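Here's the structure we're looking at; comments come further down.
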Amino acid sequence: MDPTRDNLQIRFKAFIDGLGIFTIFAVILLIILGGASIFGWFPKGEEPEDAAGKIRSGIKSEVSAEQAKFLTEDAVDAVTPNVAQLLSKSNPIAVEVPAQLVPGSETEKKLAAEVPIDPAQMEIGKAQYLICGACHGQNGEGGPAGPPLAGSEWVTGPISNLIKIQLRGLTGPIEVKGKVYDQFPAGMLPMAYQTDEQIAGALTYVRNSFGNKASAVKPEEVKALRDEVGKPQLTVQDLIKP
Ligand code: HEC
């Protein structure tokens, strides 16, 4: 018979020894785990932000590499010292591109005032205005056959309105300078027989005469709306409110 089996003392000692060895291993394990967590030795799963960041920096360096093909370092170095000087000379108005301007807005009017009007176009317009003047008054003051053009918000307002009025005519009540005009039975008849140059000229002329000030109208803008010809006479509801 195994003498240790029944000897309580020996069994107890073996138990204590086992406990000691277990404790030593446990302490060593704790030290290792503690150290690992303090010094960040655990392998971490990649966070989505990190993954996105890696992709971003990858794209960035691809883009820079592509750009570098077009712009040599020498070229960049050559202009860098002048940038401050060039910036102070640049005209900040260039930030506003015409495509973003609200037609008839104060900004558009302000910018338009800075673009000189072509005198040749004003000449075409002046000649053409003799017809308009028969109804609107030779100084745009209005009369029995037409509302005023001098100071009219329609005249300095959106260009597309003006072109459409020329191509389709206009009928029905219209408010000009705070006064409603409803006394013209036939309204204004279409004047689409005029050339693109004549319409652009007449409109540029009325936008820049009788105290009015607004941007020029280009013949191409008239051309672009030629498919309006033949459509029914306009009413104010068809127009953009100036
Ligand atoms: C036969 C007369 C007649 C002629 C010619 C005529 N118009 Fe008119 N026009 C009118 C009438 C009438 C109205 C108002 C229409 C209505 O009742 O809605 C008008 C309205 C207008 C309007 C909008 C209202 C305003 O007062 O701002 C503009 C702009 C305009 N005409 C420009 C012109 C121009 C530019 C010409 C020449 C190329 C011209 N018209 C020729 C009679 C005429």
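The values are calculated or read from the model by the stated rules, or taken from the named source; none is laboratory data. Computed from a predicted structure; not experimentally measured. Because the Cβ atoms are built from the backbone with ideal geometry, glycine has one as well, and the counts that use them run over all protein chains shown.
Observations, loosely collected:
- Filter result for Gly140 (within 11 Å of the ligand (Cβ to nearest atom), part of a loop (DSSP other than H, G, I, E, B) and farther than 23 Å from Leu111 by Cα): yes
- Filtered residues of the range 170-182 (kept if within 8 Å of the ligand (Cβ to nearest atom) and part of a loop (DSSP other than H, G, I, E, B)): Thr171, Gly172, Pro173, Asp182
- Ala192 being more than 10 Å from the ligand (Cβ to nearest atom), assigned to a helix (DSSP H, G or I), surrounded by 15 or more Cβ atoms within 10 Å (Cβ to Cβ) and at pLDDT 95 or above: no
- Screening Gly157 with (1) assigned to a strand (DSSP E or B); (2) near the ligand (Cβ under 9 Å from one of its atoms) gives one miss only, at (1).
- Checked against the criterion of being farther than 25 Å from Glu123 by Cβ, surrounded by fewer than 17 Cβ atoms within 10 Å (Cβ to Cβ) and modelled with pLDDT of 95 or more, the candidates Gln183, Gln233 yield just one match: Gln233.
- Residue that is farthest from the chain's Cα centre (by Cα), among those in the range 209-242 that are within 12 Å of the ligand (Cβ to nearest atom) and under 24 Å from Lys110 (Cβ atoms): Phe210
- Residue match in the range 204-225 (condition: without any contact (Cβ under 8 Å) to a residue 12 or more places away in the chain and in a loop (DSSP other than H, G, I, E, B)): yes
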